[in-house]
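Each remark here refers to the structure printed beneath this line.
The values are calculated or read from the model by the stated rules, or taken from the named source; none is laboratory data. The structure presented is a predicted model; accordingly, all values stated were derived computationally and were not measured. Please note: Cβ atoms are built from the backbone with ideal geometry, for glycine as well, and neighbour counts cover all protein chains shown. Remember, those area values only see protein heavy atoms, side chains included, never the ligands or the DNA or RNA. Shrake-Rupley method; radii C 1.70, N 1.55, O 1.52, S 1.80 Å.
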Amino acid sequence: MVTVAPAALAPAGIGAPGRGAPDRFYPVRHGLEAMIVPIAALVISAIAFAAFLLALGKSPADFFDLLWRGGFASTFSLGNTLQRAAPLLLTALCVAIPAQLGLVIIGGEGAVVLGGLAATVVGVPMDGAPPVLVQVAMAIAGMAVGAVWIGITGALRALRGINETIVSLLMAYIGLALFNQLVEGPLRDPASLNKPSTYAIGDADMLGPLPGTGLHPGLVVGVIACVAAWIVISRTTIGFAARVTGGNIRAARLQGLPVSRLIIMAAAVGGAAAGLAGMIEVAAVHGRANSSLAAGYGYTGILIAFLARQNPLAIIPMAVLLGGLGAAGGLLQRRMGLPDATVAVLQGIIFVSILASETLYGRIGWFQPRSAAPR
């Protein structure tokens, strides 16, 4: 067994023997760094996007005013934002959970559409059964297919050493192609003429709104999933093992940790979350599987996970923020004559800024640990 001295586990200035008094305020500064850096990246993104709007002859002030009004200013707009944030919570977990082991998986879109399709395939023939039983069966089917789909990526990474980012991206394209082939072929409802779709699940099997709101239960499921993921990652031995593996996979192997099993499991759990998002979209919004499932939730989840720095709790506000961008898209098109891709441009600028901001962590002196001279 490899043993590590306590001093080696302590960051510089945090109670390391022989290095002076501990820096009691470092945790506070470290927390501030985790907040200030992404906020600064968002501000820089806003400035860059304002320059883009000026080049198009549009007013940045009008854009951000409409963005606020369309996404957050009223009960209706906030409800629309939360509705869009619900699947984003789960697709962001598809990125954030494997990221604890150092994996960069970006193929959640394939798991979303295949999870939704699997849920439909299970739900349609169960029409007439108790709705709760149908919904549970649909959820299990969606999660199972999503887990297998992304789990394949983890298995190829763990067992064959193939880059998980490339594999997951290719698997997303394969999943979308397979989805289209099945929906437009053997699973198509002949009555769906203009928009190929599967047969619909029964109205009784749909997920109704939460009492007193117009929101479907997917939002609550997503929030619970984020909190549960945070607890597992930060408060359990398996979460600690995952973080050790993500920090130094060679050290994890030397300690005897089941690295390959952890990688496959993390990928599968992330895929299950994305598959559950697809099931909820079918059971709460569309009622059937069709091209509306491929709404880009898997890709937006990548941006949210990076904005949150792979922290499941931070995913919640970031998903609401990105949900607001999507909710305001229609208003921006009508009032400012902007194309639908404008919001995608803003998301792209944010993503680049967030990636660039990653280089700042650990480089700004004020945020780093300090140690007083030993007495």
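Structure above, values below:
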| read-out | value |
| --- | --- |
| Protection-proxy order for peptides 71-78, 361-368, each taking the mean of Cβ atoms within 10 Å per residue, highest first | 71-78, 361-368 |
| Radius, Kirkwood style, for the chain when every pair of distinct Cα atoms is counted (Å) | 22.2 Å |
| Three-way shape label, the stretch 24-66, alpha-carbon gyration tensor, a/c 1.5 | prolate |
| Global geometry of the stretch 127-257, whether rounded, prolate or oblate, following the gyration tensor of its Cα atoms and the 1.5 cut on a/c | oblate |
| Fraction in percent of alpha-carbon pairs per bin - 5 Å, the stretch 198-238 | 5, 19, 15, 16, 14, 12, 10, 7, 3 |
| Three-way shape label, the stretch 51-168, alpha-carbon gyration tensor, a/c 1.5 | oblate |
| Residue-level accessible surface for His30, protein heavy atoms, 1.4 Å, Å² | 90 Å² |
| Local net charge near Ala273, Cβ-Cβ under 15 Å (Lys/Arg +1, Asp/Glu -1) | -2 |
| Gap separating the Cα centres of the stretch 279-339 and the stretch 203-239, nearest whole Å | 16 Å |
| For the stretch 121-173, projected area of the alpha-carbon convex hull averaged over all directions, nm² | 4.3 nm² |
| Under the Karplus curve 6.51 cos²θ - 1.76 cosθ + 1.60, θ = phi - 60°, whole-Hz ³J(HN,Hα) for the stretch 291-301, x wherever Gly or Pro sits | 4, 5, 5, 7, 9, x, 4, x, 6, 5, x |
| Kirkwood Rh and Cα Rg combined as Rg/Rh, the stretch 278-375 | 1.16 |
